[in-house]
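Below is one structure, written out as structure tokens; comments come after it.
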Amino acid sequence: MAADNIEDEILGKAYDAKLMQRLLGYIKPYRKYVISAILLNVVVAALGPLRPYLTKIAIDKYIAHSNYHGLFLISLMLFGSLILQAFIQYFLTYYTQYLGQKTILDLRTQIFTHTQKLALRFFDKTPIGRIVTRVTNDIESLNDLFSSGIVMVFSDVFIVIWILVFMFFMDIKLSLVTLSVLPILVYVTFLFRRKVRSSYRNVRLHLARLNSYMQEHITGMAVVQIFHKEKDEIDKFLDINKEYREANIKSNLYYSIFYPSVELLSSTATALIIWYGGGEIVRSSLSLGVLVAFVQYTEMFFRPIRDLSEKYNILQTAMASSERIFKLLDNKTFVQNPDHPHDLKDVHGEIEFKNVWFAYNNDEYILKDISFKINPGETVAIVGHTGAGKTSLINILTRFYDIQKGNIFVDGIDIKTLDKKELRKYISIVLQDVYLFSGTIKSNISMNNNDIPIDKIQEAASLVGADRFIEQLPNKYDEIVKERGSTLSVGQKQLISFARALAFNPHILILDEATSSVDTETEIIIQKAIEKLLVGRTAIVIAHRLSTIQSADKIIVMHKGEIRETGNHQQLLAKKGIYYKLYQLQYKDQEISKAV
Amino acid sequence: MKNLFSLKKYFIRYKKKLLLGALFVVLSNVGSIYIPLIIKNAINALTVKVSVAQLIHYSILIVLASLFAGFFRYLIRQMIIVVSREIEYDLREDFWSHIQKLPLRYFQNNSTGNVMAHATNDINAVRSFLGPAVMYSTDTAFRLVIVIGVMISLNPSLTLYSLLPLPLLSILVYKIGKLIHEKFTLIQEKFSELTTKAQENFAGIRVIKSYVREENEISQFKQLSKDFLNRNMDMIKIQAYLQPVLFLVTGLSVIIVIWLGGVKIINGSLNLGDLTAFIAYLGILTWPMIAFGWVINMIQQAEASMKRLNKIFAEPYEIQDNDTTNNSIKDLTGKIEFNNVSFKYNENLPNVLNNINLTIPAGSTLAIMGYTGEGKTSLINLIPRLYDCTEGEVLIDGANVKTIPLELLRTRIGIVQQESFLFSDTISNNITYGLRKHDQEKVLKSSKIAHFDKDVETFPNGYETVMGERGITLSGGQKQRASLARAIAIDPKILILDDSFSAVDTNTEEEILKSLKEFMKDRTSIIISHRISTVKNADKIIVLSKGAIFEEGTHDELISLGGIYADLHYKQLLEKELEELN
């Protein structure tokens, strides 16, 4: 929970017409339903205020004239209106909440879809937690606005209007006398709303401080204990804790004044009815029933007005969230797709880099003037020390990032003129850091692609030798994989990622070999799996295995963003250059352990 | 309820205010319950004959009664709600001072998010019990008794008939509330599934883009969102019932009063004023009856939360001063010994350290090397008792660390941890974190030794620059040097550097080591590193492998030994050559 966010929210505007307009845009598809819901609201709002009026009829017409039958009938009518109101109310609540949920669903899907189109550059710069918050918590606070806020405000307003209609219909003068407290009520509510708004902000601010203090110190508890600062920290904590308490107590003060004040005003209205209405009754220009009805109306009238101030907080939170959501939606960090992409029909798998320059940040070139060509079916090993630019090389081939200068061709066609998705369909990447999703073994190999039948999945798994451990799992291919594959070993995860690549049967394979050490037995299985992977397709391997390098058709030695040496294993060793040093640093031990 | 009983001590602490609160509840109710009686009298008088003066008298009485009730209602909130905030404060204080004393083991096993959930949600649930739940339940109880008493005095049989539906209300609210709680739990589950999905997607976006699975991910996310919507709708269905049912039941009471009361009026056994009073009383009773159902739910949730909190309160401190603490130890010289030390993080886990025997003379430098996960950090954590060893003993100046007062032990040992953690505070406050009071001279001196001073000069407000989320972001190397300065500032007798230069370039590292040499003259120091350049000048170097000392000696001795150390040395030379190659 970042204190930042909340503080932004607290300081943000409470209402922004532009944001609201954009938000309301999401209701547009359901316009008809919203309008009919509002109309229904107008009707149902009348049913509550109708009952005191019926009570008036019961008193004046039937009780006063000892009409048992009429009294019974009016009681039935009262009951009828009650049932009807309950029924419509249920329907209406359900219906409007459903609309709210639908709107939220649309918005959530839109944001998620948007994130899927954003370039990796965006993900490099933005903490994952922040993007997650946009599609989850921020959306939820809009939910409150759509599902209860807007609708409840409408129904409250209509109820107040209907009460006024009934009151004025029965007796204009008495209505005016009763409503004479209204200006005071409006003023008190206005005052209260202002106070509550600032105290609500204050409470949220101090809560945010309290939470971020705790968050930070729980994370850094080791430091607190190492420096033996527990006593000082508790003092600091108590200060923040106290401020939060005081903020709450202050906010409570406003509520403890406001609620009784509204009660007092409501009682004053009742007193006015007794005084003025009683006088009118004495003069026989008013009936007792009207007086009783008016007493009931004052009760009804005050609640919606009192509640309006609470709706305000919902609005405030929703505005802040929508601002952040729209900011994400307006982010246009895309890798551009060509307007009229070339067709890539029968891929042979020829790759050519021609004078390629690439930088993540302007002018800090990671790759400098890279040129090489790979013939269809060839395996090329790329070796180099940390920071040589190996990973960048594969990032640009699939257009995760666009290059600044030069060209990259697949089968002689510039990849910038190809559809990104088409391009990536022909190229599979096996990353060093194997990423498994929560799901099953099956869904991880097929990446949830239902076009890949189970026998293809099994075939791929058995080709890379993953079938042996999968068959031993209690649920085999349906075994549950936890988040990040935490229940599987490093070697097993690698084999699954190999199977994944094979299942997609790419024309071009990019393999970033893992450096992490595995036991000898697994190592042998992995080596065999890699051999299988490379057969019959063009392959670029960032190699960490001696066996892979030795079997490669060509080795490209990179150093500080440039290609420094090219050739096969023996030729390069004989050169006694960079490759020779790398060999001693990274690969020689493997030779020794192999010999053992 | 048994867990909530542990709140007894807080209640006792504020018993005066709470009892006053209860008294005010009674008084306030007397006032508000009096109002319908005045209305009753007024209307009854109106049906016979009444003077304007009498009407004014009734009106004034209504306003006065409301003032009386309102005044005490204000005081109720000022007592009970304020006390609930005060108890919340006390509870949070107790929670935090307890949490701080828990061993690091606890934080290893419980994620920050988990502990935070207790500190926020659980304390909040208990607070709702303390405030609103206590207030509404006392209010409801008193109000119920008084109102029913008054109603019976007006007309017993009408009271019986009109109140028949109300208990139904409490039961309904309670049942529905429980159901809502269940549905809410289901919604939360889906919500966390949705969050996990988003989290995984964004973390694995490279794989998704590589395999062109974006469309599929979108449809999966959409499906989850739909499931989430459906679960929400399950809840909404119930909530949508709640409101209509509530006013159906209360409305039914009113209709019974109008019908049966009307019949009684026609019979002449009831007055119109009494009937009006009945309607008003039903209005007064409705809300407390509804609240009663909610209150029971609140209590149940608070009970569950308090159970979780009590579980934390029951966590043992493990590492603290006790009977064996030798308070005559006033300072450390710095000789460290490990005697047959073994250590494991958990009973069910294998040993991380196996039978370590090691002596570090006071004032000397020990360097520890080894691959990742071989037990280097575990070893040094035993010295300031961040963990206690499971077998054998760790001695400082001949005394078992378990007998050295914890405060002395920790304030005389400076550790720079592998992952440098700094607080979102000013640079200078971070550096002086371990000092009892601020000392600008120390800030400058330690920053200079740690070669951090030049960096600080480039910051907008120098040492007063705030870092972290709301300030500047330091690079990994800067963070490490700031943490080094923080450890130097406490003037420790024993300085432990746990791979503290990994993000610092080799040249700067060399300079830091040079200036540290002077500082470490009379201090014992332990340096963990992966770099030969860092450790080669140490008085003694040990190489840890699989939790045991695999090689030990000086740089030259280890080179001639031709083992792991020599191999690392050779490789690092090669790396250096490669780096220097253009």
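Values quoted throughout were computed directly from the atomic coordinates according to the rules given, and no laboratory measurement underlies them. As the structure is a computational prediction, the values presented were derived from the model and not from experiment. Cβ coordinates were reconstructed from backbone atoms using ideal geometry, including for glycine residues, and neighbour counts include every protein chain displayed.
What the table shows:
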{"quantity": "Dipole axis of the protein assembly as shown (+1 Lys, Arg; -1 Asp, Glu on Cβ), positive-most option in A:112, A:396, B:269", "calculated": "B:269"}
{"quantity": "Alpha carbon centroid spacing (whole Å) that separates region B:407-432 from region A:328-383", "calculated": "46"}
{"quantity": "DSSP-loop trypsin sites (Lys or Arg not before Pro) across region B:495-544, with at most 12 other Cβ within 10 angstrom", "calculated": "B:521"}
{"quantity": "Crossing angle, helix B:134-154 versus chain B [Cα axis fit, 0-90 degrees, rounded to tens]", "calculated": "10"}
{"quantity": "Three-way shape call for region A:133-211 based on the alpha-carbon gyration tensor, with the a/c threshold at 1.5", "calculated": "oblate"}
{"quantity": "Two-site label geometry, residue B:117 and residue B:215: point separation in nm, points 7 Å out along Cα→Cβ", "calculated": "3.8"}
{"quantity": "Angle between chain B longest axis and helix B:506-519 axis [Cα atoms, degrees, rounded to 10]", "calculated": "90"}
{"quantity": "Cα shape, region B:517-582, gyration tensor, a/c 1.5 rule", "calculated": "oblate"}
{"quantity": "Sequence-distant residues sharing a close amide H with residue A:405 (under 5 Å, placed H)", "calculated": "A:357"}
{"quantity": "Centre separation in Å (Cα based) which lies between region B:196-261 and region B:506-582", "calculated": "60"}
{"quantity": "Inter-chain Cβ neighbour average for residues B:249-260, partner chain, 10 Å", "calculated": "5"}
{"quantity": "Built amide H within the under 5 Å cut-off of residue B:528, gap 5+", "calculated": "B:368, B:497, B:498, B:499, B:500"}
{"quantity": "Local net charge near residue B:376, Cβ-Cβ under 9 Å (Lys/Arg +1, Asp/Glu -1)", "calculated": "-3"}
{"quantity": "Positive minus negative residues near residue B:554 (Lys, Arg vs Asp, Glu; Cβ under 10 Å)", "calculated": "-2"}
{"quantity": "Sorted by Cβ density within 10 Å, fewest first, the residues A:152, B:151", "calculated": "A:152, B:151"}
{"quantity": "Residue B:109-residue A:18 pseudo-label distance in nm [points 7 Å out on the Cα-to-Cβ vector]", "calculated": "5.4"}
{"quantity": "Per-residue HN-Hα couplings for region A:387-401 [Karplus 6.51, -1.76, 1.60; θ = phi - 60°; Hz; x = Gly/Pro]", "calculated": "x, 7, x, 5, 5, 4, 4, 7, 5, 8, 5, 9, 6, 5, 10"}
{"quantity": "Computed over chain A: relative contact order in percent, which uses C-alpha pairs under 8 Å that are six or more apart", "calculated": "15"}
{"quantity": "Computed magnitude of the charge dipole of chain A (debye, nearest 20; Cβ of K, R +1, Cβ of D, E -1)", "calculated": "1120"}
{"quantity": "Chymotrypsin sites (Phe, Trp or Tyr not before Pro) within region B:283-352, DSSP loop, no more than 13 other Cβ atoms inside 10 Å", "calculated": "B:317"}
{"quantity": "Residue A:130/residue A:364 FRET efficiency (R0 30 Å; Cβ-Cβ; nearest 0.05)", "calculated": "0.75"}
{"quantity": "Translational D in µm²/s for region A:425-569 (Stokes-Einstein at 37 °C, 0.692 mPa s, Kirkwood Rh from C-alpha pairs)", "calculated": "208"}
{"quantity": "Charge dipole (debye, nearest 20) of the protein assembly as shown; +1 at Cβ of Lys and Arg, -1 at Cβ of Asp and Glu", "calculated": "4140"}
{"quantity": "Lys, Arg +1 and Asp, Glu -1 on Cβ, resulting dipole of region B:414-491 about Cα centre, debye, nearest 20", "calculated": "140"}
{"quantity": "Degrees separating the helix B:440-449 axis from the principal Cα axis of chain B, which is the longest one", "calculated": "50"}
{"quantity": "Cα gyration tensor, region A:351-595 - rounded (a/c under 1.5), prolate or oblate", "calculated": "oblate"}
{"quantity": "Selection from B:169, B:246, B:256 lying farthest towards where the dipole of region B:156-269 points positive, charges on Cβ", "calculated": "B:256"}
{"quantity": "Karplus-derived 3J(HN,Hα), 6.51/-1.76/1.60, for each residue of region B:102-109, Hz, glycine and proline x", "calculated": "5, x, 4, 3, 4, 6, 6, 8"}
{"quantity": "Furthest towards positive pole of dipole, B:566, B:423, B:460, structure part chain B, Cβ charges", "calculated": "B:423"}
{"quantity": "Per-residue HN-Hα couplings for region B:535-552 [Karplus 6.51, -1.76, 1.60; θ = phi - 60°; Hz; x = Gly/Pro]", "calculated": "9, 4, 8, 5, 5, 8, 10, 10, 10, 8, 9, 6, x, 10, 6, 9, 9, 8"}
{"quantity": "Length released on extending from residue B:196 to residue B:60, taking residue separation times 0.36 nm less the Cα-Cα span", "calculated": "42.7 nm"}
{"quantity": "Likely footprinting exposure, A:301, B:71, B:184, fewest C-beta neighbours within 10 Å first", "calculated": "B:184, B:71, A:301"}
{"quantity": "Sparse-neighbourhood loop sites, trypsin sites (Lys or Arg not before Pro) in region A:338-426 - DSSP loop, at most 10 other Cβ within 10 angstrom", "calculated": "A:345"}
{"quantity": "Computed helical MRE - 222 nm, chain B, DSSP H runs ≥ 4 contributing -39500 (n - 2.57), nearest 500", "calculated": "-20500 deg cm²/dmol"}
{"quantity": "Burial ordering of B:161, A:583, A:276, fewest other beta-carbon atoms within 10 Å first", "calculated": "B:161, A:583, A:276"}
{"quantity": "Proximal charge balance of residue A:164 [Cβ under 14 Å; K/R count +1, D/E count -1]", "calculated": "-2"}
